[in-house]
Amino acid sequence: SAAVLSNELNNTDKVVKYINRARARGIEILPPDVNLSREGFTPLGEKIRFGLAAIKGLGLSTVQAILAAREAGGPFRSLFDFAARVDPRVLNKRVLESLIKAGAFDSLGARRSQLFAAIDRALEYGARRGRERQIGQFGLFATSAEGAASDLEPPLPDLPEWPLEERLAGEKETLGFYVTGHPLERYAEEIALYTDATTEHLLGAGDFKAEASAGDLSDPEAEGKVDTDDVPSPSGLSRLRALAGRTITIAGIVTALTLKTTKRGDRFAIFTLEDQYGSLKVIVWPETFSRANGLLRNDALVVVRGKLELEENAATLIAEEILTLEELKTRMTKQVIIRVKSGAVTPANVDRLYGVLDRYRGSADVLFEIECAGGILVRIRPNPFVKITPSPEALSEIRRHLEGCEIRLVNGRRP
């Protein structure tokens, strides 16, 4: 498996495809690491370590210089130690940016935000240490270049870590896929409640067979062979045929977005929708595109409702509607359950709550669950005409007026 990946270091699309296949078969992909990664992908039992040469922005000469410095001086202790020891002829700002975004310095203990802010200082530090080594100056109290580098390292700025979305975006930019998480993970429960398909459901993650000339990623004897396109297995193809023509609702991240124009001058879009399990081609014809309200952009989280088509054993989703997850929740929520402790149910809070319900009138029923002494739970249904639109703003106001309350949204499709 690692050898197959290493054969395609310069082909990000194929690397991503093989990684998705490996993950579907239970193989964990470990992030790149300046102290543990080699040039190519490295097998570690049921895991594979990402190779440095597969990081975008790193040339082969840079990777070889990193490995040579590590071999000569042992593991890198810090960003500044790294900058001081790696050949400055191949080390520049872009290289450090790529390594940090890819998470290759994470094991050193510093936050990516701190490292990124210190890039210029690290390069200056490395250049200065290089000049000192050339003229034999090791510092007033140090006995070696390594000692001086360690003693005089500037402190990292005290910065909060990048938000998860920014860290994941950096991984996608430099590695072609997400390593430490996925943008959809935080929405997993909502997506499961409000959509009815995933690429795993449609395409069967791991349920593929390679063409006759292709290497099998799970077969050690096939390592080293170059894979070609995947085709569905008989069971996967049967599933696709059964689903063809059906309308589905699926959530994912927009990637590889291409905007085109018909002969009549109408704009339409083609993109790849990615979720945690795989990807699906989506076509958005002009009428639907005109209603998308600018939602289509790379890396955007969208919900697509459309008809699944099967042509030459390949699945394509013809979009009929593009929504945000919040829009879908607002539309499909049939009941809002508000659970609160009895002590929070004061006349003033009740008045404020009814003000919220009045401002955000909608179609979802409201049910109150009051936690009373002795573990007694009292359920109260207000006037049947009291209904709400469960927008983020409405739910935020409810939480503000009923501190500590829990809110559950019930989809009408499910009990």
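Read-outs: derived from the displayed coordinates by stated rules, not from any lab. Just so it is clear, the model here is predicted, and its values are computed rather than measured. Heads up, the Cβs are rebuilt from the backbone with ideal geometry, glycines too, and the neighbour counts pull from every protein chain shown.
Hey, what do the phi angles of the stretch 49-57 turn into as Karplus ³J(HN,Hα) couplings, whole Hz, using 6.51/-1.76/1.60 and θ = phi - 60°, x for Gly and Pro?
For the stretch 49-57, the Karplus curve yields 8, 4, x, 5, 5, 8, 7, 5, x Hz.
Going by C-beta contacts inside 10 Å, put R241, R85, R112 in order with the fewest on the left.
Details: R241 12, R85 25, R112 20.
Lowest to highest Cβ neighbour count: R241, R112, R85.
Can you list residues whose amide H is under 5 Å from N411's amide H, if they're 5+ apart or on another chain and H is modeled 1.01 Å from N?
Long-range HN contacts for N411: K334.
log10 I(q)/I(0), Debye, Cα-only the stretch 309-374, no solvent, q = 0.18, 0.19 Å⁻¹?
With one equal scatterer per Cα and no solvent, log10 I(q)/I(0) is -0.84, -0.90.
Got a sec? How would R399, R167, R23, R131 order by Cβ neighbour count within 10 Å, fewest to most? Don't skip to the answer; put the middle values down first.
Working: R399 14, R167 21, R23 18, R131 11.
Sorted ascending by nearby Cβ count, the order is R131, R399, R23, R167.
Could you please state, rounded to a whole Å, how far the C-alpha centre of the stretch 74-128 is from the C-alpha centre of the stretch 249-286?
Here the answer is 38 Å between Cα centres.
Suppose the chain between E369 and E406 were pulled fully straight at 0.36 nm per residue; how much longer would it get relative to their current alpha carbon spacing?
12.4 nm
Among the GluC sites (Glu not before Pro) within the stretch 275-380, which fall in a DSSP loop and have no more than 16 other Cβ atoms within 10 Å of their own Cβ?
Details: sites: E287, E309, E311, E312, E320, E321, E326, E327, E369, E371; in loops: E312.
Passing sites in the stretch 275-380 are E312.
Once you have all Cα-Cα distances for the stretch 330-411, histogram them in 5 Å bins from zero and send the whole-percent values.
For the stretch 330-411, the pair-distance distribution reads 3, 16, 27, 29, 16, 6, 2, 0.
I need the phi-derived Karplus couplings for the stretch 310-326: 6.51 cos²θ - 1.76 cosθ + 1.60, θ = phi - 60°, integer Hz, Gly and Pro marked x.
With the stated coefficients, the stretch 310-326 comes to 10, 9, 6, 6, 10, 8, 9, 9, 8, 5, 10, 7, 10, 10, 7, 5, 5 Hz.
Would you please name the GluC sites (Glu not before Pro) within the stretch 30-118 that are DSSP coil residues with at most 14 other C-beta atoms within 10 Å of their C-beta? Walk me through the numbers on the way to the answer.
Numbers: sites: E39, E46, E71, E97; in loops: E39, E46.
Here the GluC sites (Glu not before Pro) that fit, given the DSSP loop and packing criteria, are E46.
Where both residues lie in the stretch 330-411, what percent of DSSP beta bridges are antiparallel, nearest 5?
Numbers: 13 of 20 bridges.
So the antiparallel bridges amount to about 65 percent of the total.
Amide H to amide H under 5 Å from L184: which residues, 5+ apart in sequence or cross-chain, H placed 1.01 Å off N in plane?
Counting only residues 5 or more places away or on other chains, the set is empty.
Karplus couplings for the stretch 92-106 from phi (6.51 cos²θ - 1.76 cosθ + 1.60, θ = phi - 60°), rounded to Hz, Gly and Pro as x?
9, 4, 5, 4, 5, 4, 5, 5, 5, 4, 6, x, 6, 9, 4
Return I27, I337, I135, I100 ranked ascending by Cβ neighbour count within 10 Å, so the fewest neighbours appear first. If you can, show how the numbers build up before the last one.
Details: I27 18, I337 15, I135 7, I100 25.
Sorted ascending by nearby Cβ count, the order is I135, I337, I27, I100.
Which chymotrypsin sites (Phe, Trp or Tyr not before Pro) does the stretch 359-400 hold that lie in a coil by DSSP with at most 16 other beta carbons within 10 Å? Mind showing how you got there, number by number?
Numbers: sites: Y360, F368, F385; in loops: Y360, F385.
For chymotrypsin sites (Phe, Trp or Tyr not before Pro) across the stretch 359-400 that sit outside H, G, I, E and B with at most 16 neighbouring Cβ atoms in 10 Å, the list reads F385.
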